[in-house]
Structure formats: C-alpha cells, structure tokens
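Inspection log for the structure reproduced underneath, given as structure tokens.
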Amino acid sequence: MKPAALLLLAALLALGFLAARGTADRQAAEPSFAPPADLPRGGLELLEAVPFVLDEPFVHEWRAEKPLARAGFLLALRADADLARTRETFEPVLYVGDQTAERCHPVTDDTLVVLVPAPLGADGRVALELDSTPIWFGTLELPERVDAARIAHERALAEARGLGPAARGPRVRFTADQAVRARTRWELEPYLEDLIARHVRR
Amino acid sequence: MDLSPAVPWLLCVLPAGAQQALRPPAARGEPGPIARELAGKPIGAYPHFQTVRSLNEGEPLWIAVDPRSDAFLSRRVVDAYVLAHEDLPAARTGTKLGQLAITLRALAFTSGSIKENVFQLDPGTLKGTARPDAQGIMQLGRGYDVVLDLDRDGLLGAGDVLDGGAAQAGFHVVEDFVTVRRENTRETGPYAVSEVFFNGGTTFTQQDIYFPSEVAGLGRLPLVVVSHGNGHNYQWYDHIGGLLASWGYVVMSHANNTGPGIETASTSTLRNTELFLASLATIAGGALDGHVDDERIVWLGHSRGGEGVVRAYQRLSEGTPLATRYALEDVRLVSSIAPTDFLGRGVSDMGAAPYHLWTGGADADVNGCADCDICQTFHLLERADGTRFSTSLHGAGHGDFHAGGGSSVASGPCRIGRSATHLVMRAYLLPLVQHVLHGNPACFDYLTRQWEEFRALGAPDPALPENRCVVVDLMYVPGPERARLVLDDFQSQPALERSSAGGAVRASLGLAPTLFEGRLDDANGSFTASVNDRMNGMTLAGPGDTSAGLVLEWSARDEWLLFELPAGARDLRSWRTLSFRAAQSTRDELTELEAGDLDFAVQLVDGARRASTIRIGAYGGGIEEPYQRRGCGQGQGWANEFETVRIALADFGREGRALDLGDVVAVAFLFGPSHGSPAGRLGLDEILFDSDPRSDP
C-alpha cells in the first residue's frame with residue numbers, strides 16, 4: 001500500500017474512532033435515573049420565595065395525612081441535579097422544616113419550583129422563616145406515604161448531618177410581605193408558571 | 001410420516017390408550033359443508049402450510065388441502081370460490097356461487113403431500129377496507145370465506161368444503177391502519193379528528209380530548225382514558241388520540257397527579273373519568289353528549305400512571321365514591337406502559353378485566369433491573385387475574401412511548417427511538433382495543449402471531465436492514481374467563497414431577513438435573529449469570545408474588561420433557577391451539593453460545609403411541625434472544641423476555657400423520673441438535689390448549 005493510501009486509511013480510522021466515541025459520549029451523557037444514594041442531602045440554594053394566601057383551602061396531597069392548607073410559599077430552588085431530577089421510580093422527598101414540598105413541574109436540570117404549605121400567623125403573614133428552616137432531600141419514599149412521624153425521623157437524620165436552611169442566592173427575591181392572594185389553588189398556576197419560566201432552563 | 005420417534009420414555013411407561021379408529025371427515029358434523037381451515041400461507045418446514053385468520057391487504061391469498069389426511073380430497077378437481085363473508089348466507093340458501101364469487105378457480109388436487117396442494121387464489125387484490133359497526137366505529141378487516149365445490153354443481157352443499165361459517169369468516173383482509181393518512185396529523189383511520197381541551201377547574205382535572213369530527217352522525221363510542229407518568233404531560237399522547245379517534249373512539253388524556261405517588265395517580269384516573277362523563281354536556285359545546293359509551297371504557301396509563309390505572313381498577317372493585325357514573329364492569333381493558341410497581345401485591349393488583357402491558361427494553365427509568373423491584377413491569381401483568389397481553393420492544397426507552405419530545409430516557413444498544421416505537425404502538429393498540437371491546441376476529445392474529453412472522457401493514461419489518469433493531473416480543477395468555485385447558489402453569493401444582501392438570505411430568509436423563517421450578521424472580525439483584533441463581537433474569541414475580549415457571553437447559557445432546565395428559569383431558573378436538581410461553585435465560589453461557597433465536601420442537605403423542613412433531617421455528621420465529629443491554633451486573637443481556645408460541649393442533653395431523661386428537665396422551669418438548677438449537681437455556685410456562693375467542697364479549 002502506498003504511503004498516501006496508508007495516510008488516508010489512518011485518517012478514516014481516526015475519524016471513525018472519533019465518531020464512535022462521540023456516539024458513545026452522547027449515550028453516556030444521558031442522565032442517570034437510578035435513585036440517588038447517600039441521603040439525606042442538602043446544599044440547596046434559594047432563588048426566589050413567593051408567599052401565598054388562598055381564600056379556599058386545598059388538600060396537600062404530598063403527605064399521608066393530606067392536610068388542608070391555605071397558605072405557604074412558592075419556592076424556586078437550585079439543587080444537585082441528581083437529587084432534583086424527576087423520576088418514575090423513587091425520588092428523594094423534599095422537606096421544608098416539618099412539611100413536605102410539592103414538586104410543581106418536571107425537573108430535568110438543577111432547578112425546581114415547589115410549593116410548601118405553611119400556617120398563617122396571627123399577623124396574617126405566612127408563618128415560615130426560610131432563613132432558619134432546614135430544607136433538604138430526605139430518603140427515598142413516595143410523599144403520599146410520608147406522615148408526621150416520618151418527617152420527624154427525617155428531620156433528625158438531616159440535623160445529624162448538619163443540614164440547615166437553603167443558602168440565599170445572589171439575586172434572591174424574598175417577598176414575604178407581598179403574599180400572592182388568590183381564591184383557589186388553581187389560581188396559583190400562573191404564578192408557578194412565572195417562577196418556572198424565570199428560573200428553569202427549558 | 002413424522003420421522004421423530006415418540007420419546008422413548010413414553011413407549012415403556014405410558015399405557016397405550018384405546019385404539020380409536022380415525023373418523024372419516026364427513027361424519028364429523030351435521031349434513032352440510034365440511035369445515036376446514038384453508039386460508040393461510042406456505043411455509044418451508046412441516047407442517048408446510050400455516051393457516052391464518054388475517055391477511056394484510058396486498059398479501060396473496062393461499063389455500064392448501066391435505067389429501068393425505070383428507071383422503072376424500074385426493075385426486076379431485078374442484079371449483080374454489082372466494083366469497084365476501086356477508087354473502088355466505090345467500091350461498092347457504094341456494095344462490096349460485098358463481099353469482100357471489102369474487103374469485104373462482106378450478107383446482108386439481110393430487111394424492112400427495114400438502115406441499116403439492118397449495119394454491120394461490122388471489123394475488124393480493126382482496127379489499128380490507130374497514131367498515132363501521134352500528135355505532136359508527138370502524139371495524140378492522142373484511143371477512144371472506146372459501147368454498148371448495150367438490151361436486152362442481154355451483155352450489156354450496158353437503159360434502160363441499162367451507163372455510164368460514166355463521167359465527168366467523170374464514171379469514172379477514174385488513175388494510176393499513178398504521179400509516180398516517182393525512183399530513184400533519186396522527187390520523188391513520190378514515191375519520192378526521194377534532195381535539196379540544198377541557199378545564200375541570202383544578203391542576204389535575206385538565207383534559208385533552210380527541211374524537212371523530214363527525215361525531216354528531218355516530219352512535220355511542222367507547223372511551224379511552226390516558227393517564228400519563230411522573231414528569232410527563234397530558235398533552236403528550238397525540239399519537240394515541242389521533243390513532244384511536246380516527247377509527248371511531250373518544251380519547252381523553254388527563255393531567256395526572258403522579259408526584260405524591262400511585263394512590264393520588266389512581267385518584268386522578270378515577271376522578272377524571274367521572275368528571276369527563278359528567279361534563280359531556282359542556283365539553284366541546286356538548287358535541288359528545290350522547291356519543292360516549294360509558295359501558296365500554298379503556299384505561300391506559302404510562303409509568304406511575306401505568307400503575308395508577310391498575311390501582312384505580314382495584315379501588316373501583318372495592319367501591320369508591322369517586323365513580324358514580326361508571327362501574328367496574330364498564331372498564332373493559334386496562335393497559336400499562338412501562339408501569340412501576342410501588343404498591344405491590346394486593347394493592348396494585350389487577351383484577352379480572354383483560355390486562356395489557358408495554359415494556360421498553362432500553363428503559364432507563366423503569367428499567368427492569370433485578371435490583372429494583374419497583375422497576376419491573378411484568379409484576380403487574382402476572383398479578384392480573386384475567387386474560388393477559390404483553391408487548392415488549394427491544395431498544396425502546398421510557399420516553400419513546402409518549403409524543404412529548406425530549407429524551408428517550410433510554411440506555412442500551414440498538415435504540416429504536418420514538419418514531420419506530422409509535423409505529424409498533426399503532427400496530428398493536430388498535431387491534432388490542434378492537435379485540436377486547438368488540439371481539440373483532442380480524443384482530444386476533446396481530447396479538448398472537450410472532451412479530452417477525454406477521455404484523456400490521458405499515459409497521460416496521462424487522463427483515464429490512466433499517467429495522468434490524470425493531471424486535472418485538474408478544475405474550476398472550478388467555479384467562480379463566482376464556483375457554484382453555486391448562487396443562488401446566490407451574491403454580492397450582494408445585495411438584496416438579498406433576499403438572500397443573502394432574503399428569504406426570506418426565507424428562508430425559510440429561511435434562512432432568514437441569515430442571516428447576518420456582519417463582520419467576522431473579523434471586524440476587526443482578527443479571528450476572530450464577531449457578532446459585534437458577535431464575536437469573538426472571539422479573540415476572542415481585543415480593544410476595546406467586547408467578548412461577550420452569551427453567552431447563554440442554555447442550556449438544558437431544559433431550560425431552562414430557563407432560564402427560566391425565567385421563568379426561570385427552571380429547572383435544574374441541575381445542576384449536578397448543579399455546580405456551582418461553583424465554584431465553586439472559587447471560588447464560590448457553591444463551592450466549594446460541595446467540596440467536598432458540599428453536600426446538602413440540603410433539604403430541606396419542607394413545608396408540610403415534611407421534612407428530614413440529615419445530616416452533618417452522619412458522620418463522622423462535623424464542624428471541626435477550627436484548628443485548630449491559631449493566632445490572634456483569635455481562636450483556638437484559639431481562640428474560642417471554643413470548644408466546646401458538647401451534648394449531650390441526651397442524652400435527654398434516655401429511656397423513658395418523659395422530660388421534662381425540663386421545664392425546666402426552667405433549668413433549670424436544671430439545672437439541674435433532675430438534676433445533678443445539679444448546680440453550682430456557683424458561684417455560686403457561687402450557688395450555690385454547691381456542692380463538694369468537695364471540696363479542
């Protein structure tokens with residue numbers, strides 16, 4: 001074989017190798033849907049918090065007792081993408097203090113928007129201090145099976161690991177005094193969509 | 001002659017049955033035409049001809065007669081007529097066949113093999129255009145009958161041969177129901193489709209509704225409810241809505257509250273079905289009011305939603321205030337796409353309605369690995385109490401089953417992507433719905449014949465290089481509500497040497513030590529082959545489940561496994577088919593050695609010790625090798641994937657084999673070099689006899 005032909009052959013082989021590697025890399029780039037390990041974990045960053053108050057209570061389906069709620073926070077959070085990712089199988093339950101959070105959209109990267117019920121204080125404000133309330137991903141479970149005892153257990157596990165409140169992001173908008181007032185849970189949807197549009201990469 | 005001897009054990013152990021004389025065919029029934037299945041296609045190996053119920057439009061129509069078994073046809077010249085099935089009553093009442101016939105051809109039969117007596121009656125011109133039933137639902141297939149006018153008098157009379165009858169046509173021709181008919185739509189049927197959205201006032205009562213645009217002129221149409229999976233969206237099922245609505249169904253896909261779990265998902269299914277039925281006066285301006293058949297409902301769920309529909313069915317069976325406008329018996333079919341199994345036995349536990357399962361071999365989420373019980377789709381199938389159907393696609397990812405774009409959520413080689421997955425879904429879903437809801441006999445072949453041998457027009461042909469990755473395995477297991485005789489389900493009688501029917505089970509000396517009967521559940525959380533995990537790769541049973549089967553292996557030597565039919569179960573003349581399911585054992589060295597479809601033989605033996613043997617590969621398919629995916633332990637090959645093999649009992653009597661189906665004493669499985677693949681490791685289950693369901697349920 002002539003040197004030119006050898007060179008051409010080598011170039012083709014190299015191109016083939018690179019193409020195959022590219023394909024393999026693309027396949028490897030698929031995110032893992034295996035349930036995350038080493039839970040509980042924290043490390044969340046608070047990007048935005050919007051309090052809300054409703055005229056009509058709604059059922060918080062994300063815990064076993066299915067309590068009625070009529071106030072709380074809409075939160076935009078940044079987290080480890082592996083923890084935040086939506087799965088069909090077990091996801092780590094997101095806790096905010098003594099409450100479970102409702103995941104409000106499919107999460108494919110590291111940002112999630114959630115809804116957390118919270119009581120209304122005597123002053124009419126949403127009684128949840130995000131600066132001091134721990135936020136963490138607990139162990140794997142379906143939220144509808146999580147009850148108060150489980151939450152207490154998970155909180156103890158989190159505190160034993162030193163997990164605390166979410167860090168405030170550099171541009172966090174924390175509007176505790178400006179609660180969204182709506183009639184029903186359904187009327188919160190535009191506010192959730194707004195948060196998702198502003199924080200979640202599409 | 002069948003050159004395969006009856007298994008040696010049989011000759012010395014089984015008592016000889018009564019030596020019954022074979023009945024002459026004309027003496028079988030009432031005076032009138034002699035019933036024979038004639039339509040089919042020639043195949044290379046014995047039985048040399050495969051009778052079928054359905055042909056795709058454009059396929060030639062072949063018939064065959066077997067003078068060695070039907071001596072009355074030997075050396076006869078006859079006139080063969082093809083009639084539209086609706087003309088059969090006229091033929092029966094004396095109308096000249098020539099006035100009714102679509103095709104007429106004179107045929108000269110020899111006295112020889114069936115191979116010499118195969119004739120093409122039509123090159124593929126028969127129409128398969130669907131027709132509306134009384135409600136306007138377009139029913140797949142056109143029925144036809146074949147008459148052999150033996151006395152050539154131009155009339156259908158006693159002594160003539162008829163493939164067809166009052167209950168069912170001899171065969172059906174089916175048009176393309178897979179290819180989209182109109183650009184920028186998902187419509188494969190004759191109806192244009194309208195899509196509307198309905199806002200039920202809450203986050204999880206949003207609905208995306210598809211129906212035939214001309215619904216005002218139609219009757220009451222079945223309702224198909226789609227419940228999506230976690231992180232999915234109710235607007236991602238255009239491919240199902242467009243497909244089914246274009247054939248005359250109403251499809252409602254709803255927002256599904258899957259995040260909290262399966263219980264809330266099932267609540268969504270129950271509540272949205274109720275809400276939809278309660279809101280017909282307002283949805284689409286009332287266009288659907290009076291046009292939804294609330295007694296024929298299908299629930300179809302994806303992933304968590306796939307488990308949710310099963311849970312919803314169970315809640316419905318237990319009574320729930322969420323359903324007041326429909327009841328358990330109205331939900332006629334439940335189908336799950338890649339379902340999870342969070343809740344397990346007794347909770348996500350399908351009842352007696354027909355149940356269907358979709359599984360993607362490349363699913364990276366509900367991945368089927370042995371280490372994840374909630375990820376094993378087959379649990380729900382195995383818990384179902386009624387008739388079960390399963391469709392497995394190698395190379396399909398979790399996200400390929402919806403139409404929402406984005407990732408396929410797939411892992412593994414030879415991925416087929418969303419487009420090919422949807423073609424397979426269309427090719428299977430419509431026949432499934434029409435089979436279960438309407439008893440449409442044209443659909444059964446699409447659910448029961450192996451994909452590589454037969455599939456809908458427009459579906460990917462695996463023989464083409466561009467479709468080499470499209471591998472589809474089908475399971476069909478009739479439930480107790482359908483006529484069947486279970487020979488061995490490996491559950492009701494756990495003793496290895498005794499079948500469910502009560503007969504003896506024996507194996508050759510080389511095979512016996514390899515037999516292991518037990519729960520179809522991988523024991524160690526990995527697909528790595530191990531001598532300590534004899535059910536390696538099995539994912540049909542989860543914690544607490546009872547689904548069981550048999551595994552066996554052979555290498556280089558001929559082996560046999562024999563199931564004796566107990567007295568009282570030996571007359572098989574009322575059954576049409578021998579059915580069983582089998583799967584290759586993943587990552588086993590024998591499986592890897594074979595590296596392809598497994599082939600073996602099945603033998604029937606009668607009381608006079610006459611045997612007839614058929615290779616399963618004769619029909620064009622074997623037992624598929626596992627999907628070659630890595631992970632879940634060491635090695636290559638994903639979960640063991642069962643597929644059903646069905647053999648017409650009449651085929652055992654071809655070519656003059658003097659097998660008496662009225663006195664069959666044993667069914668034997670023959671393995672090894674003389675019978676197919678030289679080596680292999682196999683799971684075997686659900687050996688039974690049944691007949692094609694014919695009546696509208």
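Farthest toward the positive end of the dipole of the protein assembly as shown, out of B:F197, B:P626, B:G458, is the Cα of B:G458, where the dipole comes from beta carbon charges about the Cα centre. With the simple model of a label 7 Å out from the Cα in the direction of the Cβ, A:Q178 to B:L328 spans 5.6 nm. Model label points for A:Y191 and B:S213, set 7 angstrom from Cα along the Cα-to-Cβ axis, are 4.2 nm apart.
3J(HN,Hα) along the range B:495-503: 5, 4, 8, 9, 8, 4, 6, x, x Hz, from the Karplus curve 6.51 cos²θ - 1.76 cosθ + 1.60 with θ = phi - 60°, whole Hz, x for Gly and Pro.
With a Förster radius of 41 Å applied to the C-beta separation of A:D80 and B:L593, the computed FRET efficiency comes to 0.40. Comparing B:T586, B:A362, B:S492 along the charge dipole axis of chain B, the residue lying farthest to the positive side is B:S492, per the Cβ-charge model.
Model label points for B:R609 and B:F516, set 7 angstrom from Cα along the Cα-to-Cβ axis, are 3.6 nm apart.
Peptide A:51-61 is shielded by partner chain Cβ atoms: per residue, an average of 1 of them sit within 10 Å of its Cβ.
3J(HN,Hα) along the range B:655-671, derived from phi through the Karplus expression 6.51 cos²θ - 1.76 cosθ + 1.60 where θ = phi - 60°, amounts to 6, x, 5, 7, 8, 9, 5, x, 8, 8, 9, 7, 10, 10, 9, 10, 10 Hz, with x in place of Gly and Pro.
Remark on B:D597: its backbone amide H falls under 5 Å from those of B:E625, a criterion applied only to residues 5 or more positions apart or on other chains, H modelled at 1.01 Å from N.
Note on B:D571/B:E183: beta-carbon distance plugged into 1/(1 + (r/R0)^6) with R0 of 45 Å gives a FRET efficiency of 0.20.
A cut-off under 10 angstrom between Cβ atoms defines the neighbours of B:S246, and their net charge, with Lys, Arg +1 and Asp, Glu -1, is +2. The H on the amide N of B:E187, modeled in the peptide plane, is under 5 Å from the matching H of B:R181, B:R182, each at least 5 residues off or on a different chain. The eigenvalues of the Cα gyration tensor, multiplied by 5 and square-rooted, give chain B an equivalent ellipsoid with semi-axes of 40, 34, 21 Å from largest to smallest. With neighbours defined as other Cβ atoms within 10 Å of a residue's Cβ, the residues B:C375, A:C104 order from fewest to most as A:C104, B:C375. Of the DSSP H helices in chain B, those with a Cα length along their own long axis of 27 Å or more and a mean Kyte-Doolittle hydropathy reaching -1.0 comprise B:417-438.
The relative contact order of chain B, computed from alpha carbon pairs under 8 Å that lie at least 6 residues apart in sequence, is 13 percent. Hey, what number do you get for chain B at 222 nm if only DSSP H runs of n ≥ 4 count, each worth -39500 (n - 2.57), divided across all residues, to the nearest 500? Using -39500 (n - 2.57) per qualifying helix, the result is -4000 deg cm²/dmol. Here's how it looks for A:T139: its modeled amide H is under 5 Å from those of A:V93, which are all 5 or more places away or on a different chain. Other residues whose C-beta falls under 15 angstrom from the C-beta of B:G201 contribute a net charge of -2, scoring Lys and Arg +1 and Asp and Glu -1. Shielding value for B:254-264 is 5, the average number of Cβ atoms from other chains within 10 Å of each residue's Cβ. Shown for B:S579, A:S132: other C-beta atoms within 10 Å of each C-beta, ranked fewest to most, produce the order A:S132, B:S579.
For B:N532 and B:A495, a Förster radius of 22 Å and the Cβ-Cβ distance give a FRET efficiency of 0.45, rounded to the nearest 0.05. Quick check on the range B:420-495: take the gyration tensor over C-alpha atoms, sort the square-rooted eigenvalues as a ≥ b ≥ c, and tell me if it's rounded (a/c under 1.5), prolate or oblate. It is oblate, given that a/c is not under 1.5 and a/b is not larger than b/c. Karplus-based coupling profile of the range B:336-353, in residue order and whole Hz: 10, 9, 6, x, 7, 9, 6, 8, x, 4, x, 10, 9, 9, 4, x, 8, 5, with θ = phi - 60° in 6.51 cos²θ - 1.76 cosθ + 1.60 and x standing for Gly or Pro.
Each of B:T577, B:T324, B:T129 has some number of other Cβ atoms within 10 Å of its Cβ, and from fewest to most they run B:T324, B:T129, B:T577. Once C-alpha pairs closer than 8 Å and six or more residues apart are averaged by separation and normalised to the residue number of the range B:300-341, the relative contact order reads 66 percent.
Each reported figure results from applying straightforward, stated rules to the coordinates on display, with no laboratory input. Just so it is clear, the structure is predicted and the values come from calculations on it, not from any experiment. Every residue, glycine among them, receives a Cβ derived from its backbone with ideal geometry; neighbour counts consider all protein chains shown.
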